[in-house]
Amino acid sequence: MMPVQSIAEETDREAEIFFEAHKPPTDLIFDDGAEMESNRHRIAMNVLIRSVEQGLANRNDFFVGGNMFIYYSAKQIRNQDFRGPDFFAVLGVDSNTSRQGWVVWNEDGRYPDIIVELLSPSTGNEDTGKKKDIYEQVFRTPDYFVFDPFEPNSLRGWRLDNNQRYQPLVPNEQGWLWSQTLGFWLGTWDGIVDRETAVWARFYDESGNLILLPEEAAQQQAEAAQQQAEVAQQQAEVAQQQAEVAQQQAEQERQRASRLEARLRELGEDPNDLTLNPNHS
């Protein structure tokens, strides 16, 4: 019969072997050296990231990433066949934690709540095929969108239904798609960002107002301050004009009184007597 101590040692050894075989890997790679498809793709990614950060600025429980690895399985790590989405956001997590990537087993099993892929000729089929299946069947990401920065009418989106299957989102009159997760619309906006003119995927609030980028918000505040300064200057100019008019009226009254006094003296009347004796005749 095996001693009790030996049984305990054998159990501990088996537990250690099991743990070593199943513990999460630690040799993670967070940069594969791959660049964005184009400069416009890079700008488009940053626009989405910065606008969501601006739109959620009153919260401290979210993480927004772009072109970052999302680690969710050992098989995925060994194959190195899946790079992170161009844009994703996770709500209800610590905003102050520094992250090189999104490691699901270090995040209490949390996956992205919304993903946006920026399509290109080399990635379009994968983004609407293999990746879309992973986001639906593995990640269970509620909101998924795709957009080609070079194709203004390419915006599409899906949302998980009660059966955990993606269903196409129906656009509103402006062609925008509703993200129930963020409480924002995802639509398009034609304008200049980082010196490049294009149709960009942009977020709008529930009322349809464009969620400004930090630099746009700062410019808007500066313009508002300038307008207030101009209004204040106009008010000061009006006040000055009113003061000048009042001064002119006072001068006219003084001149009129002076002429009246001179005329009375010509008639042999003493203006002072008239002033002191109003009943004088």
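Work out from phi, with θ = phi - 60° and the Karplus expression 6.51 cos²θ - 1.76 cosθ + 1.60, the ³J(HN,Hα) of each residue of the stretch 193-201, listed in order in whole Hz, and give x for Gly and Pro.
10, 6, 6, 10, 8, 6, 9, 10, 6
Viscosity 1.306 mPa s, temperature 10 °C: give me the Stokes-Einstein translational D for the stretch 82-143 in µm²/s, with Rh taken as the Kirkwood radius over C-alpha pairs. Intermediate results must be reported in sequence, preceding the final value.
Numbers: Rh = 12.6 Å.
Approximately 126 µm²/s, per Stokes-Einstein.
Starting from the amide H of residue 103, placed 1.01 Å from N in the peptide plane, find each other amide H under 5 Å away whose residue is 5 or more places distant or on another chain.
71
Could you compute how much accessible surface residue 192 exposes when probed at 1.4 Å, giving the result in Å² to the nearest 10?
Per-residue accessible area (residue 192): approximately 110 Å².
Can you give me the P(r) profile for the stretch 85-188? Cα pairs, bins 10 angstrom wide beginning at 0, each as a whole percent.
14, 46, 32, 8, 0
Kindly write out, for the stretch 265-273 in residue order, the coupling ³J(HN,Hα) from the Karplus curve 6.51 cos²θ - 1.76 cosθ + 1.60 (θ = phi - 60°), rounded to whole Hz, with x marking Gly and Pro.
Calculated HN-Hα couplings, in order: 5, 4, 7, x, 9, 9, x, 5, 5 Hz.
Taking loop as defined by DSSP and a crowding limit of 16 other beta carbons within 10 Å, which trypsin sites (Lys or Arg not before Pro) in the stretch 84-191 fit? Present the calculation step by step, with values, prior to reporting the outcome.
On the way: sites: 99, 110, 130, 131, 132, 140, 156, 159, 165; in loops: 99, 110, 140, 165.
Here the sparse-neighbourhood loop sites are 99, 110, 140, 165.
Non-local amide H neighbours of residue 188 (under 5 Å, H modeled in plane, Pro and chain starts lacking H): which ones?
Those qualifying (amide H under 5 Å, at least 5 residues apart or on another chain) are 202.
When a/c reaches 1.5 or more, the comparison of a/b and b/c decides; with that in mind, is the stretch 174-251 rounded, prolate or oblate per its Cα gyration tensor? Kindly include the intermediate steps, with their values, before the conclusion.
Working: a/c = 4.76, a/b = 3.19, b/c = 1.49.
Since a/c reaches 1.5 and a/b is larger than b/c, the shape of the stretch 174-251 is classed as prolate.
Select from the stretch 181-264 those trypsin sites (Lys or Arg not before Pro) which occupy a DSSP coil region and have at most 11 other Cβ atoms within 10 Å, ordered by residue number. Mind showing how you got there, number by number?
On the way: sites: 195, 202, 254, 256, 259, 263; in loops: 195.
Sites meeting the loop and neighbour criteria: 195.
The values are calculated or read from the model by the stated rules, or taken from the named source; none is laboratory data. Only a predicted model underlies this, so the values are computations on that prediction, with no experimental measurement involved. Here Cβ is always computed from backbone atoms with ideal geometry, including for glycine, and neighbour counts include all displayed protein chains. In case anyone asks, the SASA skips ligands and DNA or RNA and just uses the protein heavy atoms, side chains included. Shrake-Rupley method; radii C 1.70, N 1.55, O 1.52, S 1.80 Å.
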